[in-house]
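Structure record follows, encoded as structure tokens.
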Amino acid sequence: MSAKDMFFPEGKDFSRTEERAYAREELVYNVTEDILVALEDLNVSKKELARRLGKSRSYITQVLSGARNMTLGSLSDICFALEIKPKVTIPVEPVLDSLESAGKSLWATEEIESRTGELIRKSENVIDCRDSNVWENQAA
């Protein structure tokens, strides 16, 4: 169950920005929880992990709480210190299957142009510079 499921009614529509934020938080939560479970299973404290990494305990606490950004490099370092091998999987089949079942090609130019326009309209952080008036407004 995700945070969205716990706090919002089923079927609520979220903006693309909100969906992205929830996806990010869910990934951070899952990775940090997996590390915490590994620490518990291996009977390794955060203090011991910090010692093995040559980092402060506060750094470990920040990384495992999601307060500090965990890079793939730091994830690798943590796993190496715990003598476990991380495995990252990025499944693309569901996206491809849903496009193909709808009769759409992932690489079809008109599909990409349509999706680009849709993303530009939905985004609060993107300026559609295809319109010359936008260029004039941005220059002013």
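When THR61, THR89, THR71 are sorted by how many other C-beta atoms sit within 10 angstrom of their C-beta, beginning with the fewest, the order is THR89, THR71, THR61.
Run the numbers on the range 3-81 and let me know its relative contact order in percent, using alpha-carbon pairs under 8 Å that are six or more apart. Kindly include the intermediate steps, with their values, before the conclusion.
Numbers: 33 pairs, mean separation 19.4, N = 79.
Relative CO of the range 3-81 lands at 25 percent.
Of the GluC sites (Glu not before Pro) found in the range 38-88, those that fall in a DSSP loop while having at most 14 other beta-carbon atoms within 10 Å are GLU83.
In a shell of Cβ-Cβ distance under 15 Å around GLU48, excluding GLU48 itself, what net charge do Lys and Arg (+1) and Asp and Glu (-1) give?
On the way: positive: LYS46, LYS47, ARG51, ARG52, LYS55, ARG57; negative: GLU40, ASP41, ASP77, GLU83.
Combined, the nearby Lys, Arg, Asp and Glu give +2.
Values quoted throughout were computed directly from the atomic coordinates according to the rules given, and no laboratory measurement underlies them. In this text, all values refer to a predicted model and were calculated from it rather than measured experimentally. Positions of Cβ are backbone-derived with ideal geometry, glycine not excepted, and every protein chain shown enters the neighbour counts.
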